[in-house]
Structures are given as C-alpha cells and as structure tokens.
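**Q** Just passing along the structure, written as structure tokens.
The values are calculated or read from the model by the stated rules, or taken from the named source; none is laboratory data. If you're wondering where the values come from, they're calculated on a predicted model, not measured in any experiment. Cβ placement follows ideal geometry from the backbone for every residue including glycine, while neighbour counts extend to all protein chains displayed.
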Amino acid sequence: MTESFKYAGNKGKGGELHQPASDTHPTMTTAQGCPVSDDQNSLKVGTRGPGLLEDQVLREKLFHFDHERIPERVVHARGYGAHGYFETYESLEDLTSADIFQRKGEKTPVFARFSTVAGNKGSPDLARDVRGFAVKFYTQQGNWDLVGNNIPVFFIQDAMKFPDLIHSAKAEPDRGFPQAQTAHDNFWDFISLTPESMHMVMWAMSDRAIPRSLRFMEGFGVHTFKMINAQGAEKFVKFHWKPKGGVQSVVWNEALKLNGADPDFHRRDMWQAIGQGDYPEWELGVQVFDQEFADSFEFDVFDATKLIPEEQVPVKIIGRMVLDRVVDNFFAETEQVAFCTQNIVPGLDFTPDPLLQGRNFSYLDTQVKRLGGPNFTHIPVNAPKCPMRHFQQDGHMAMNNPKGRVNYEPNSWEGAEHNPRACPAHGFESSSESMSMSGDKLRYRSETFADHYSQARQFYISQTDIEQAHMQNALVFELSKVEHLAIRERMVSHLLNIDQTFAKKVGKGLGLKTMPKAAEAAQKARQDLPVSDALSMLKNPPNTFKGRKLGILLTDGADADLFADITLALKKEGANYEVVAPTVGGVTLSNDEFIPAQQVIDGGPSVLYDAVLVLVTKDGAKQLAKIPEAKDFVSDAHAHMKFIGHTAAAMPLTKAAGLIDKIDAGWLDLESTKPKSFVKQLRNLRFWQR
Ligand code: HDE
C-alpha cells in the first residue's frame, strides 16, 4: 500500500512532523544524546532566515558529515568483506604449535576481505586485475592475518619496487586516468623494463584476473612462511585457499559489459549468496617442505615471483573457511578492517623474502594513516577475541583503557589481572635463523632470483589452447591501448623468451611490421620445466552448476510446466535463477500463475548469468524480436559460449538476433532435453567448442 506523501519539511500550514517519535520510532538525539525536536529545519531568524551560528544541532550534523571519509587504501581500495569461521580438520601439532591448528573440529572466527588492487573505492568489480584475498583469524593466541592474493606469485621481488609498480598501474598523474586499468603506457612501460614481473604478467593476462565470483577464486599466501612445532622443529609452508565451488572466470568481452551492467557484480554476488544460505567456502591447504627441498628446488623459495608446482609438493588440506555472515555495517567492518602481514601467532614465522620483510613495515604504517592513530586495534573488527594485556596506553580514540595504577614493567605491584608479565614458555618466539645471516650491509639482488622467464613459460605451456588464446587476446587488448610503439615492441621482446609462437601471435595481433629481438635475459629460460596441470583452470573444471545462476527470459503465456520443472531441477542442483521479463511487473504463465520478474530486459543482460533460457510464446518472441536488448540477450549469450535453453517458440527472436544458422550443441532444445539433463549440461559452464 502506498502512503500518501506529505512534505516533511513544511512547518507552515498543517505543518506537524511527517513521522514524529512514537512507540515504533524512538526519539532522535544528537551525538551528545540531546533529544532533537526537528530534523528538517535549521534554526533561523524569522521564517526565511538568515541562519543562526548558535544552531548546535545543525553544526554537529554537518561537522560529522564533513568528516565521514577516511583515506581509501592506497592499493586494494575496492573490497568486500564477510564474517565466518575456520574449521581445523585435524591436529597439526607435529608441524606447528599454532593454537588454531591443535584441535580437530575447532572453529575459529574469521573476517575475510576480497579486493581489486588498482582501482579506487568506486571502481567496477570486473576490472582486469589481481584480487586480494585477506583473512583475519581471531585465534586464541592473537590475530593471524593471512594477506594474500588470488595469484600465487607477485610482480616484483623486493619491496623497494612496490611504490613504482603501483604508481605505474594506477591512473597517470597528469591526466587522472585510466581508472582501474593496466591498459595504458605507464604500466606497460614499467613492466617491460622489469623482467622479474613476467611470470605474474602471464597470470594477470589469463582469465584468473577476471573471476566469475569472489566465491570461485583460489587464494594464495604467496610468500614462503614457516611453521614451528612445540619442540622447535621448523618446516617451510606455502598457503593455498581452494574454493569448494571450483575456480571459474568470465570471458573478457563479458567483463567489459558486466562493468556497465552491474559494477557491483562481485559484491552483490557475495551478499546474495550469504543471504540465501549458500555460504562461500574454501579449504585451506599447505605445501610443506624442508630446507633440503629448498636447497634442491630450481628456484629460490624466498623469491615471491616463483611458485612451487603442486605436482612437486602436493597441497595438504588442513581445514576450511565458511563465510556465513555479511557485515552489519560496511564502513565499520569492511572499510576499517586493518590487515597486517606482521600479525602472526606463536607456531608461525616469516622468512627473509625481501617482499614480505617490506610488507611487515608497510601494513602497520598504512593503518595509522588510514585509521588515524595507534588504537585501531580497539575497533571491534580489528580487536583480538582473546585477552589482551599490555602497558600500551593513551593515543587518539583510546577505547579500551587499562584499570589501576600499573602502566610499566618491571613493577612491584600486586594484582594479577592488570599486571601481566612476558611468558618465555608460551610467548611468540622467532625461529632460529640458522642460515648465514651475517655479512656486509648490501643493497643487492641475489643471483638466485635471476631467472625471470622459466616459470612464465611453464605457466603458459600448462594452459589449454583456449586459455592460451585468451592470454594472447588480453595482451593484444592491453598493448593496443599503449600509445608508444617502443613499449609494445619491448613487451613482445620479453614474450619471445617465454614462447616463440605466443610472441608471434601477439606481435601479429598488434600489427608489428617486424618482430623485435628477444630481450636480453639475465638467465636463459629453461625449456625443461614440465607442464603443470594444476596451473590451468579449464583442466580442473568444477563440474557443477551449484551456486551459479540461470537467466530465464519469460513472456506472458510461457509454458508453466517447463518453468516449474526447470526451476525445481535448479533447486536440486543448488543453483539459482532470475526471471528477466518485458516489465519488472512480471509475467503470467500458461496456467495463469503469476511470476514476478527480477529484471527488465535492458536491466538484465545475459552477462549477469552463467547460462540462459528463453522460455517464451511465439507471439512473445515476435515482440522481443523488436527489442534490441532482447536480441543482445541471446547473441551475447551465444558469443560468450553460454548454454542457451530454448524451444521452437523462441525462433522469431533467434532469427532476429541473426543466430538461426549458428545453433549448435550448446543450444539445448527443451522439447527434446529433459530439465534434469538440461541442468546436467549446465555443469560444463560453457560450450567452449563454439
Ligand atoms: Fe599489499 N598492501 N603490499 N600485497 N595488500 C596493502 O595495506 C604492500 C603485496 C594485499 O583487504 C596496503 O591495509 C607492499 C603482496 C592485500 O585490507 C599496503 C607490498 C600481496 C591487501 C600494502 C605489497 C599483497 C593489501 C594498503 C610489497 C599478496 C588488502 C592498505 C612489498 C601476497 C588488504 C592496507 C585488505 C594492502 C603494501 C605486496 C596483498 C599499502 C609495500 C605480495 C590483499 O600496506
């Protein structure tokens, strides 16, 4: 029922407040708690002003509004967070004394935030970019932050280069664009002068950089860390997050269109999945290895531009993370969460990786800038959920202040509660660095970091033909936006060290008249690294439509039985659907059942869905054939290799979209395909043969 509208601000004739405080609406107050009598009108001299400086209610309201923004993160500004838990599968006491890994089945609360890197807070979700994958574990021995990415390696080897990398990727400083894109001169200029970035560039140009959903991404700790058990025995570990729903990406043309159709595609997807009880879930795995392996491995395990193939050191699954609660308040939690790589717990330790060492400084530093002072651990999302006892005090916005007289140590005061002491037995101990840590002070890049191409090549040759073609296309797209020919050529000169055919295809795509010479390599690329199937997404398909969405284009009079059977089959699969209709008011099916729509045709393009179904009457199809967006709905689905369910009645639309001779085995005729087998087909996610 619509309420008749009364202008709330008018205090003249009949001017009572639109919604005064009542049993259902408590009295509004200022931040100081003073009850407010009128939230519509400032204090004035007479009925038409001027305003009075004395109006403390207006001044407080504007003052607070003026200070609502805090600096956005210098990188990873665009992000989305959720709460959940981590469940330990079995005790890992042999490997680590970390409290979180001691007891089988124990659940530890977590907060996870996923992000893009380059774009600002308001940039679109489907930018081609690395995704941040940061998890804060609130363990009984303090917060452990595993601040990773969805790509297992990084662009650079030494923290010294991070500001340069990020400056080059972000908007160019003179013009203030492009936003959230690496397709510009500065980025490729820097990259083509930084051969160590080549491995990561291969990942960034693959479809990993355009995930279908935050729920369908892998996560990686990237650096090598250490685990230490109670006896002091150390092992190296690399962390992996494996999504239970499988890894899946969109295709580039889809990403471009998604950014227009729904710039919030990823955050909306996460919000909806959690709201529907389809909780995003990942398993945590570790690659465990010792010094002996590290010494014999082809590359330096402290070089963050290298990974250890899973075929060489398998990933041991040790637990799972389930995200089951959206935030109550985006700013308080997702915006104010402060991840710090240096937040680790007893039983874990860092390694000398020069990137990690730099990060351990940077994250703490950045939080002070963003959150305004040293007390950001007092903000609930950052506060440990175990007791904290120390003698730190005061500072901006101090919330949790110690009681009593004692604020130093050693002291001779009684009283255990507020008078803590360090504990050599259980306190955090750094691992014993037995490696040669002596020497002259040097600014030096170890020779063991000098191979920049071998793993880039290994990644490329491990991809399927389709994935390789997407990488070629991505490079052609990006470098075609680069204005300077010399930069394009310099990039191709690196590709020649990775794979000749790859380089030639990109060179051809760029219309290079002559191919450049291969870049001079500090170390020649090895040709003997084997294909690693674990590096390919398409070789490891999820084989499920669970958590995916079918877009059903409906018109009045559409077959009610078919609609019921298909939506039931989707439910059994754990999948969703949305109805797209000529008006958002909905449609009436053949049995007079009314079905509300979630999208009107131009608001629900097929890029929003994993597959589509055109369930219409012949007349309905004829009407749709006149609507350009309806034609795009099917032609985009076709172009993006999606499965398209249809019936003979849909033909006028198919014809108008120019697809009548293009119908292939990815078009599933619902008159001959049973709804159950239709949904079974959808498990393949795309009809790549198209
Ligand atoms: Fe970050 N990074 N980073 N980074 N990073 C930040 O910290 C930095 C690196 C990553 O959701 C900042 O709180 C340096 C690698 C994620 O809040 C800042 C270096 C990896 C997030 C910072 C790196 C990451 C950040 C900005 C090179 C993957 C978002 C705001 C030495 C393993 C966390 C903030 C969130 C955020 C610095 C490299 C992942 C400035 C100096 C490698 C997921 O401190």
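**Q** When only residues in segment 16-52 that are at pLDDT 90 or above and of a type in the set (Gly, Ala, Ser) count, which is farthest from His67 (Cα to Cα)?
**A** Out of the qualifying residues, it is Gly46.
**Q** Determine, yes or no, whether Val301 is more than 30 Å from Phe376 (Cβ to Cβ), modelled with pLDDT of 95 or more, out of contact with any His (no Cβ under 7 Å at 6 or more places or on another chain) and in a loop (DSSP other than H, G, I, E, B).
**A** Yes; evaluated as a whole, the condition is true for this residue.
**Q** Got at least one residue in segment 491-500 being surrounded by 20 or more Cβ atoms within 10 Å (Cβ to Cβ) and polar (S, T, N, Q)?
**A** yes
**Q** Looking only at strands (runs of 3 or more DSSP E) that fall completely inside segment 558-652, which ones have 1 or more residues that are farther than 17 Å from Lys662 by Cα and not basic (Lys, Arg)? Please lay out each step first, then the result.
**A** Numbers: elements: 576-581, 611-615, 644-646.
It comes to 576-581, 611-615.
**Q** If you check every pair at least six apart or on different chains, which have Cβ atoms under 7 Å apart with a residue in segment 67-92 that is touching a residue at least 60 places away in the same chain (Cβ under 8 Å) first and a residue that is hydroxyl-bearing (Ser, Thr, Tyr) and buried (at least 22 other Cβ atoms within 10 Å of the Cβ) second?
**A** Short answer, once both residue conditions are applied: Arg78/Ser115; Arg78/Thr116; Gly79/Ser115.
**Q** What single numbered condition from (1) in contact with a helix residue (DSSP H, G or I) (Cβ under 7 Å, 6 or more places away or on another chain); (2) under 30 Å from Lys235 (Cα atoms) fails to hold for Leu475?
**A** In the conditions (1) in contact with a helix residue (DSSP H, G or I) (Cβ under 7 Å, 6 or more places away or on another chain); (2) under 30 Å from Lys235 (Cα atoms), Leu475 misses (2) alone.
**Q** Can we say Gly232 is over 27 Å from Leu364 (Cα atoms), without any contact (Cβ under 8 Å) to a residue 24 or more places away in the chain and more than 16 Å from the ligand (Cβ to nearest atom)?
**A** Details: over 27 Å from Leu364 (Cα atoms): yes; without any contact (Cβ under 8 Å) to a residue 24 or more places away in the chain: no; more than 16 Å from the ligand (Cβ to nearest atom): yes.
It is false that Gly232 is over 27 Å from Leu364 (Cα atoms), without any contact (Cβ under 8 Å) to a residue 24 or more places away in the chain and more than 16 Å from the ligand (Cβ to nearest atom).
**Q** Now a separate question. In segment 522-556, what residues are on the phi > 0 side of the Ramachandran plot and buried (at least 18 other Cβ atoms within 10 Å of the Cβ)?
**A** Gly547
**Q** Within segment 219-229, restricting attention to residues that are under 19 Å from Glu283 (Cα atoms) and in a strand (DSSP E or B), which residue is farthest from the ligand (Cβ to nearest atom)?
**A** Met227
**Q** Give the residues of segment 132-166 that are near the ligand (Cβ under 9 Å from one of its atoms), of a type in the set (Asp, Glu) and not assigned by TED's automatic domain parsing to the domain that holds Thr366, sorted by residue number.
**A** Asp158
**Q** How many of the residues in segment 517-551 are in contact with a Phe, Trp or Tyr (Cβ under 8 Å, 6 or more places away or on another chain) and not in a loop (DSSP other than H, G, I, E, B)?
**A** Total meeting the criteria: 4.
**Q** I would also like to ask the following. If the Cβ limit is 8 Å and pairs must be 6+ apart or interchain, which residue in segment 351-373 that is without any contact (Cβ under 8 Å) to a residue 12 or more places away in the chain and in a helix (DSSP H, G or I) pairs with which residue that is of a type in the set (Phe, Trp, Tyr) and more than 9 Å from the ligand (Cβ to nearest atom)?
**A** Matching pairs, first to second residue: Val368/Phe376.
**Q** Got a sec? Which of Ala118, Ala171 is outside the structural domain of Arg268 (by TED's automatic domain parsing), crowded, with 17+ Cβ neighbours inside 10 Å and assigned to a loop (DSSP other than H, G, I, E, B)?
**A** On inspection, the qualifying residue turns out to be Ala171.
**Q** Kindly evaluate Glu87 against the criterion of being modelled with pLDDT of 95 or more, part of a loop (DSSP other than H, G, I, E, B), out of contact with any helix residue (DSSP H, G or I) (no Cβ under 6 Å at 6 or more places or on another chain) and at negative phi.
**A** Here the answer is no, as Glu87 does not meet what is asked.
**Q** For Gly358, state whether it is buried (at least 22 other Cβ atoms within 10 Å of the Cβ) and either out of contact with any strand residue (DSSP E or B) (no Cβ under 8 Å at 6 or more places or on another chain) or within 25 Å of Tyr138 (Cβ to Cβ) (or both).
**A** Details: buried (at least 22 other Cβ atoms within 10 Å of the Cβ): no; either out of contact with any strand residue (DSSP E or B) (no Cβ under 8 Å at 6 or more places or on another chain) or within 25 Å of Tyr138 (Cβ to Cβ) (or both): yes.
Spelling it out, it is not the case that Gly358 is buried (at least 22 other Cβ atoms within 10 Å of the Cβ) and either out of contact with any strand residue (DSSP E or B) (no Cβ under 8 Å at 6 or more places or on another chain) or within 25 Å of Tyr138 (Cβ to Cβ) (or both).
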